[in-house]
Amino acid sequence: MTEQGRMATGLSDTSVEAERVQIEILRSMPSWRKLQLVSDLITTTRILALTGLHERFPAASSEELRRPLASIVLSPDLAARVYGPEPHPPTIR
């Protein structure tokens, strides 16, 4: 919380009143709904990452994009430890 009793969310494009309403809605949600929202965000992020990879590597199959996706999702270092080095140019530079 900030000095004014307001949560510091960093939403510079959101009015104080709108932010208050958003926080109130989130706090009143049941846990299962919050988890569903997080799951939906993860799915959307994965789709966006795959879309970007398809644009960068248009000839690659979905199977070939699994390893570069791991670099995005896990981090290049962790993905290399788990799956080995990428066969393509680095996904993340």
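Just so it is clear, none of the values below were taken in a lab; they were calculated from the coordinates. These figures come from a predicted structure and were not determined experimentally. Note: ideal-geometry Cβ built from the backbone for every residue, glycine included; neighbour counts use all protein chains shown.
Extending 7 Å from the Cα toward the beta-carbon at both Glu64 and Ala18 defines two label points whose distance is 4.3 nm. Label sites at Leu78 and Leu26, each approximated as a point 7 angstrom past Cα along Cα to Cβ, lie 2.1 nm apart.
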